[in-house]
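Please treat every number below as a calculation from the coordinates, not as lab data. Keep in mind that this is a model prediction, so the values were computed, not measured. Note that each Cβ is placed from the backbone with ideal geometry, even for glycine, and that neighbours are counted across all protein chains shown.
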Amino acid sequence: MRLTIFFLLCLTLLPRTATAQRICIDPGHGRKTVGTTGKHTTEYKICWEIGQQLKQALEKQGMEVILTKERVEQDVPNSERAEIANRARVDLMVRLHCDADNDHGIATYYPAKQGTIRGKQGPDEAVIEASRVSATRFHTALIKSLEGALKNRKLRTDSQTAVGRKLGGALEGSIYAKIPVLLVEMCVLRNAKDEAFITSKEGQKRLVRALAAGVKAGVTPSE
Ligand SMILES: [Zn+2]
């Protein structure tokens, strides 16, 4: 009897992993499609680095984290990245990228309408709405936490990217998503100041803290 009570007590004290929020971090690009390049780093490398740090930060907050890649150089098609997040039934998929724009700063993208690729149309209306809500909360918390360290390039939609426009309104990773999805262009890698920020220890610390605050806000259910 005493043993039963002991076990019951242990059970109630155990972290409630069943209800832990589950996040998919998708560090963009790989060996073949390296992404954009700066003077000192390449997009796939910096996305992997930030992804690893963000994983740690989220796990510290009690979240479950899955990654779409096992190694920095691994190439995973965008459709498969989304399927990994779908299979894990994550609460939010966060795709990490860096931009090659003439501008500088940080921007968040989400699918506001469906797109089509290889005959596949998506995401569905529920995913579009959930992504809008999550991305809005995510971006607000992200910018607040950054305290001006990076320029706010605002919350945007997939249609505002060249690829998203070409596909009719959503990026490939969004089209396949059955879970809320957003994409962060963490900085403009071709901008020297932005690159210095994202490659510095202090800059990474601030960015990861802000991304973690964004994720937390993004998965908090409404009152
Ligand atoms: Zn990219």
- Query: Relative to a virtual label point 7 Å from the Cα of ASP75 in the Cα→beta-carbon direction, which members of the stretch 148-177 show backbone nitrogen distances below 19 Å?
  - Reply: 172-173
- Message: Can you tell me the convex hull volume per residue for the stretch 17-169, based on C-alpha atoms, in Å³ to the nearest whole number?
- Response: 129 Å³
- Message: Rounded, prolate or oblate for the stretch 168-223? Axes are the square roots of the Cα gyration tensor eigenvalues, ordered a ≥ b ≥ c, and the cut-off for rounded is a/c under 1.5.
- Response: oblate
- Note on the structure: Ranked from fewest to most other Cβ atoms within 10 Å of their own Cβ, ARG165, ARG81 fall in the order ARG165, ARG81
- Under 20 Å from LYS55, Cα to Cα: lysines that are on another chain or at least 8 residues apart: LYS45, LYS69, LYS201, LYS205, LYS216
- Task: Would you mind telling me the antiparallel percentage of the DSSP bridges in the chain, rounded to 5?
- Result: 25 percent
- Note on the structure: The ³J(HN,Hα) series, computed from each phi in the stretch 146-160 with the Karplus coefficients 6.51, -1.76 and 1.60 at θ = phi - 60°, rounded to the nearest Hz and given as x for glycine or proline, is 6, 6, x, 5, 10, 5, 7, 8, 6, 7, 10, 10, 3, 5, 7
- R0 of 25 Å, Cβ-Cβ distance HIS40-ASN102: FRET efficiency to nearest 0.05: 0.80
- Query: Near LYS113, which lysines are there with a Cα under 21 Å away, not counting those fewer than 8 places off in the same chain?
  - Reply: LYS154, LYS166, LYS178
- Note on the structure: The answer for ALA170, listing residues at least 5 apart or on another chain whose modeled amide H is closer than 5 Å to its amide H, is GLY115, THR116
